[in-house]
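Let me begin by presenting the structure, written as structure tokens, before commenting on it.
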Amino acid sequence: MIAVLGAFLTYALNQRAVRREHQAKSFAEALTAVEEYLEMPYRIRRRPASSDLVRQQLTDEVSGLLARMAFHQAWLQIEASSIAGPYATLVATARAEAGAQMSLAWQQPPIRTDEGMNLGSTYPRDRSTAARAACIEVIRRHL
């Protein structure tokens, strides 16, 4: 009886650890989608040319990131509702910051030299950084 109880306890603890690891990876993937979205103003600014193909590739990438963030928002609402709110705030904040920055980046001419790749300034992310930190704190408590 003790052996069966020990085996069950070991199995239950292992399953809990596997579920926690799976959730942590899923949360990290959700945060990565936002981070990639926040990098898009740089990708647009550093585009090699102003062509239909380049514009299509970059806008497809933005659309894909928006879809991934929407997927993660829905998944969190189903799987981890305590994190869904902070993640939605992070996504909205990132969209507001990076969206405006992308619009400005599209207005700049394509970079044609190696020296031009150093933009000389960063796009501010203060609000997104704060929202990300708040989201990570909720994720830590959840795990």
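Every read-out reported here was derived from the displayed coordinates using simple, explicitly stated rules and does not represent laboratory data. Quantities reported herein were computed from a predicted structural model and do not represent experimental measurements. As a convention, Cβ positions derive from the backbone with ideal geometry for all residues, glycine included, and neighbour counts pool all protein chains shown.
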*Using 0.36 nm per residue, how much length does the chain from Gln23 to Ala74 gain when fully extended, once their Cα-Cα distance is taken away?*
16.9 nm
*asked:* Give me Rg/Rg_expected for segment 1-70, where Rg uses Cα atoms only and Rg_expected = 2.2 N^0.38 Å with N residues.
replied: 1.97
*Could you run the Karplus curve 6.51 cos²θ - 1.76 cosθ + 1.60 with θ = phi - 60° over segment 132-143 and give me ³J(HN,Hα) per residue in whole Hz, x for Gly and Pro?*
5, 4, 5, 5, 4, 4, 5, 4, 4, 5, 5, 6
*May I ask you to evaluate 6.51 cos²θ - 1.76 cosθ + 1.60, the Karplus curve with θ = phi - 60°, for each residue of segment 77-86 and list the ³J(HN,Hα) values in order in whole Hz, giving x for glycine and proline?*
4, 7, 8, 8, 4, 5, 9, 4, x, x
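Rule-of-thumb check for segment 60-141: C-alpha Rg over 2.2 N^0.38 Å? Write out the running numbers ahead of the final one.
Details: Rg = 15.7 Å, N = 82, 2.2 N^0.38 = 11.7 Å.
Dividing the Cα radius of gyration by 2.2 N^0.38 Å gives 1.34.
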_Stokes-Einstein D in µm²/s, Kirkwood radius over Cα pairs - the chain at 37 °C with 0.692 mPa s viscosity_ = 189 µm²/s
*Would you calculate the separation in nanometres between label points at Glu39 and His142, each defined as 7 Å from the Cα along the Cα-to-beta-carbon direction?*
2.3 nm
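Pop the C-beta distance of Ala7 and Ala67 into the FRET formula with R0 = 41 Å and round what comes out to the nearest 0.05.
On the way: r = 43 Å, r/R0 = 1.06.
After rounding to 0.05, the efficiency reads 0.40.
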*Identify, among Thr10, Ala134, Ile78, the residue whose Cα sits farthest towards the positive end of the charge dipole of the chain, taking +1 on the Cβ of Lys and Arg and -1 on the Cβ of Asp and Glu, with the dipole about the Cα centre.*
Thr10
